[in-house]
Amino acid sequence: MEADRHRFAGSDLAGTAAARPENTAAGQKALREKLTAKAAALVPLLRAKAAEIEREGRIPDEVLAAIEAAQLFRLRTPQRFGGFEADIRTYMDVVTELGRGCGSTSWIAFISIATVWIAALFPDEAQREVFAGNPDVRFMGALGMTARARAVDGGYSLNGKWAYASNCLHAHWAVLSAPLPQGAAVVPSILLVPMRDLAIE
(Lines give C-alpha, C1' and ligand atoms only; values in the text may rest on other atoms or scores of the structure.)
Protein backbone atom coordinates (compact mmCIF):
# COMPACT_ATOMS: atom_id res chain seq x y z
CA MET A 1 0.00 0.00 0.00
CA GLU A 2 1.42 3.36 -1.01
CA ALA A 3 0.39 6.82 0.18
CA ASP A 4 0.98 9.94 -1.93
CA ARG A 5 -0.28 12.70 0.34
CA HIS A 6 -2.11 13.59 3.50
CA ARG A 7 -4.53 16.38 4.26
CA PHE A 8 -4.17 16.96 7.98
CA ALA A 9 -1.35 17.48 10.38
CA GLY A 10 -0.41 14.45 12.43
CA SER A 11 -2.15 13.98 15.76
CA ASP A 12 -0.67 13.84 19.23
CA LEU A 13 -3.31 11.61 20.80
CA ALA A 14 -2.78 13.00 24.27
CA GLY A 15 -2.91 16.61 23.14
CA THR A 16 -5.81 16.70 20.67
CA ALA A 17 -8.41 14.41 22.21
CA ALA A 18 -11.87 15.69 21.34
CA ALA A 19 -14.33 16.38 24.15
CA ARG A 20 -16.78 13.52 24.50
CA PRO A 21 -20.23 13.75 26.10
CA GLU A 22 -20.68 11.90 29.37
CA ASN A 23 -23.14 9.02 29.35
CA THR A 24 -24.93 7.50 32.30
CA ALA A 25 -24.24 3.89 33.24
CA ALA A 26 -27.90 3.07 32.63
CA GLY A 27 -27.77 4.69 29.21
CA GLN A 28 -24.67 2.73 28.22
CA LYS A 29 -26.22 -0.51 29.45
CA ALA A 30 -29.36 0.05 27.35
CA LEU A 31 -27.25 0.94 24.32
CA ARG A 32 -25.08 -2.14 24.85
CA GLU A 33 -28.09 -4.43 24.95
CA LYS A 34 -29.54 -2.82 21.82
CA LEU A 35 -26.37 -3.02 19.74
CA THR A 36 -25.45 -6.52 20.92
CA ALA A 37 -28.93 -7.71 19.94
CA LYS A 38 -28.41 -6.21 16.48
CA ALA A 39 -25.09 -8.03 16.19
CA ALA A 40 -26.73 -11.29 17.29
CA ALA A 41 -29.37 -10.88 14.58
CA LEU A 42 -26.58 -10.88 11.97
CA VAL A 43 -25.09 -14.19 13.10
CA PRO A 44 -27.14 -16.41 10.71
CA LEU A 45 -26.10 -14.27 7.72
CA LEU A 46 -22.46 -14.29 8.78
CA ARG A 47 -22.46 -18.07 9.22
CA ALA A 48 -24.01 -18.48 5.78
CA LYS A 49 -21.31 -16.27 4.24
CA ALA A 50 -18.31 -17.50 6.25
CA ALA A 51 -17.10 -20.02 3.66
CA GLU A 52 -17.36 -17.46 0.87
CA ILE A 53 -15.44 -14.93 2.94
CA GLU A 54 -12.69 -17.46 3.62
CA ARG A 55 -12.52 -18.39 -0.05
CA GLU A 56 -12.56 -14.85 -1.49
CA GLY A 57 -10.46 -13.16 1.19
CA ARG A 58 -12.86 -10.24 1.55
CA ILE A 59 -16.20 -9.33 3.11
CA PRO A 60 -19.13 -9.38 0.63
CA ASP A 61 -20.98 -6.14 0.02
CA GLU A 62 -24.13 -7.78 1.36
CA VAL A 63 -22.50 -8.35 4.74
CA LEU A 64 -21.03 -4.84 4.91
CA ALA A 65 -24.45 -3.40 4.04
CA ALA A 66 -26.11 -5.47 6.78
CA ILE A 67 -23.62 -4.30 9.41
CA GLU A 68 -24.10 -0.71 8.29
CA ALA A 69 -27.89 -1.07 8.35
CA ALA A 70 -27.56 -2.30 11.95
CA GLN A 71 -25.53 0.87 12.64
CA LEU A 72 -22.67 -1.10 14.16
CA PHE A 73 -19.92 0.73 12.27
CA ARG A 74 -20.94 3.92 14.09
CA LEU A 75 -20.49 2.37 17.52
CA ARG A 76 -17.54 4.65 18.42
CA THR A 77 -18.35 7.55 16.06
CA PRO A 78 -18.78 10.83 17.99
CA GLN A 79 -22.37 11.57 18.93
CA ARG A 80 -22.27 15.01 17.35
CA PHE A 81 -21.82 13.33 13.96
CA GLY A 82 -24.62 10.81 14.47
CA GLY A 83 -22.64 8.07 16.21
CA PHE A 84 -23.24 6.27 19.50
CA GLU A 85 -19.90 6.92 21.22
CA ALA A 86 -20.42 3.62 23.03
CA ASP A 87 -18.10 2.39 25.77
CA ILE A 88 -15.39 -0.26 25.48
CA ARG A 89 -17.55 -3.02 26.95
CA THR A 90 -20.19 -2.45 24.27
CA TYR A 91 -17.46 -2.51 21.63
CA MET A 92 -16.13 -5.84 22.88
CA ASP A 93 -19.58 -7.39 23.30
CA VAL A 94 -20.59 -6.43 19.76
CA VAL A 95 -17.45 -7.74 18.03
CA THR A 96 -17.62 -10.92 20.13
CA GLU A 97 -21.19 -11.48 19.02
CA LEU A 98 -20.24 -10.96 15.38
CA GLY A 99 -17.47 -13.51 15.89
CA ARG A 100 -20.07 -16.18 16.67
CA GLY A 101 -21.05 -15.87 13.03
CA CYS A 102 -17.74 -15.21 11.27
CA GLY A 103 -14.32 -14.53 12.76
CA SER A 104 -13.13 -12.59 9.71
CA THR A 105 -16.11 -10.24 9.79
CA SER A 106 -15.63 -9.73 13.51
CA TRP A 107 -11.97 -8.86 12.93
CA ILE A 108 -12.86 -6.29 10.26
CA ALA A 109 -15.44 -4.69 12.57
CA PHE A 110 -12.91 -4.74 15.42
CA ILE A 111 -10.32 -2.92 13.30
CA SER A 112 -12.73 -0.37 11.84
CA ILE A 113 -14.38 0.57 15.13
CA ALA A 114 -11.03 0.83 16.94
CA THR A 115 -9.56 3.15 14.31
CA VAL A 116 -12.74 5.24 14.28
CA TRP A 117 -11.95 5.90 17.94
CA ILE A 118 -8.46 7.08 16.99
CA ALA A 119 -9.87 9.36 14.28
CA ALA A 120 -12.24 10.87 16.85
CA LEU A 121 -9.17 12.13 18.78
CA PHE A 122 -8.07 14.37 15.90
CA PRO A 123 -8.76 18.13 15.75
CA ASP A 124 -12.22 19.35 14.81
CA GLU A 125 -11.39 20.13 11.17
CA ALA A 126 -10.23 16.58 10.54
CA GLN A 127 -13.21 15.06 12.35
CA ARG A 128 -15.63 17.06 10.25
CA GLU A 129 -14.09 15.91 7.00
CA VAL A 130 -14.10 12.29 8.13
CA PHE A 131 -17.45 11.97 9.89
CA ALA A 132 -19.77 14.74 8.69
CA GLY A 133 -22.46 13.16 6.51
CA ASN A 134 -21.24 9.59 7.09
CA PRO A 135 -21.33 8.33 10.70
CA ASP A 136 -20.86 4.79 9.31
CA VAL A 137 -17.46 5.60 7.82
CA ARG A 138 -15.16 2.56 7.75
CA PHE A 139 -11.48 2.60 8.66
CA MET A 140 -8.35 0.54 8.36
CA GLY A 141 -5.22 0.98 10.43
CA ALA A 142 -1.55 0.25 9.84
CA LEU A 143 0.82 1.58 12.47
CA GLY A 144 4.26 0.47 11.31
CA MET A 145 6.70 3.37 10.86
CA THR A 146 7.48 2.44 7.25
CA ALA A 147 6.85 5.74 5.43
CA ARG A 148 8.55 9.06 4.90
CA ALA A 149 6.75 12.37 5.26
CA ARG A 150 7.36 16.00 4.39
CA ALA A 151 5.34 19.06 5.31
CA VAL A 152 3.14 20.63 2.62
CA ASP A 153 0.36 23.20 2.69
CA GLY A 154 -2.55 21.77 4.70
CA GLY A 155 -0.75 18.73 6.11
CA TYR A 156 1.92 16.27 5.02
CA SER A 157 2.90 14.36 1.91
CA LEU A 158 3.55 10.67 2.60
CA ASN A 159 5.49 8.17 0.57
CA GLY A 160 5.68 4.60 1.84
CA LYS A 161 4.13 1.20 2.22
CA TRP A 162 2.26 -0.45 5.06
CA ALA A 163 1.73 -4.19 5.37
CA TYR A 164 -0.94 -6.16 7.27
CA ALA A 165 -3.55 -3.57 6.36
CA SER A 166 -6.71 -5.34 7.52
CA ASN A 167 -9.91 -3.82 6.10
CA CYS A 168 -8.10 -1.92 3.35
CA LEU A 169 -10.50 -3.39 0.77
CA HIS A 170 -13.55 -2.02 2.59
CA ALA A 171 -12.37 1.20 4.23
CA HIS A 172 -13.07 4.82 3.34
CA TRP A 173 -10.18 6.18 5.44
CA ALA A 174 -6.89 4.91 6.82
CA VAL A 175 -5.16 5.57 10.13
CA LEU A 176 -1.44 5.38 9.32
CA SER A 177 1.75 6.10 11.20
CA ALA A 178 4.88 7.84 10.06
CA PRO A 179 7.77 9.82 11.57
CA LEU A 180 6.94 13.50 10.95
CA PRO A 181 9.46 16.33 10.75
CA GLN A 182 8.82 18.95 13.43
CA GLY A 183 11.56 21.55 13.36
CA ALA A 184 14.88 19.81 13.85
CA ALA A 185 13.22 16.72 15.34
CA VAL A 186 11.35 13.76 13.88
CA VAL A 187 8.30 12.69 15.88
CA PRO A 188 6.42 9.35 15.55
CA SER A 189 2.87 10.36 14.63
CA ILE A 190 -0.51 9.08 13.50
CA LEU A 191 -2.19 10.50 10.42
CA LEU A 192 -5.50 10.26 8.58
CA VAL A 193 -5.44 9.45 4.88
CA PRO A 194 -8.46 9.00 2.55
CA MET A 195 -8.35 5.61 0.83
CA ARG A 196 -8.70 7.30 -2.56
CA ASP A 197 -5.14 8.57 -2.03
CA LEU A 198 -3.77 5.07 -1.46
CA ALA A 199 -2.92 2.23 -3.82
CA ILE A 200 -3.45 -1.39 -2.75
CA GLU A 201 -0.83 -3.69 -4.24
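Based on what the data block shows, is F8 modelled with pLDDT under 95 and of a type in the set (F, W, Y)? Spelling it out, F8 is indeed modelled with pLDDT under 95 and of a type in the set (F, W, Y).
Just checking, does the stretch 72-83 include any residue being farther than 30 Å from P123 by Cβ and in contact with a helix residue (DSSP H, G or I) (Cβ under 6 Å, 6 or more places away or on another chain)? Steps first, please.
Just the residues of the stretch 72-83 that are farther than 30 Å from P123 by Cβ, to begin with: none.
Taking every residue of the stretch 72-83 in turn, none turns out to be farther than 30 Å from P123 by Cβ and in contact with a helix residue (DSSP H, G or I) (Cβ under 6 Å, 6 or more places away or on another chain).
Taking the numbered list (1) in contact with a Pro (Cβ under 6 Å, 6 or more places away or on another chain); (2) surrounded by fewer than 14 Cβ atoms within 10 Å (Cβ to Cβ) in turn, G82 passes all entries but (2). Remark: E22 matches the filter, which requires a residue to be in a loop (DSSP other than H, G, I, E, B), at pLDDT below 95 and not β-branched (V, I, T). Which of the residues that make up the stretch 34-68 are of a type outside the set (D, E, K, R), under 18 Å from the mean Cα position of the chain (by Cα) and loosely packed, with under 12 Cβ neighbours inside 10 Å? Listed by number, the list holds a single entry, A65.
The values are calculated or read from the model by the stated rules, or taken from the named source; none is laboratory data. Values in this document were obtained by computation on a predicted structure and should not be read as measured data. For neighbour counting, all protein chains shown are included, and Cβ atoms are generated from backbone atoms with ideal geometry for every residue, glycine included.
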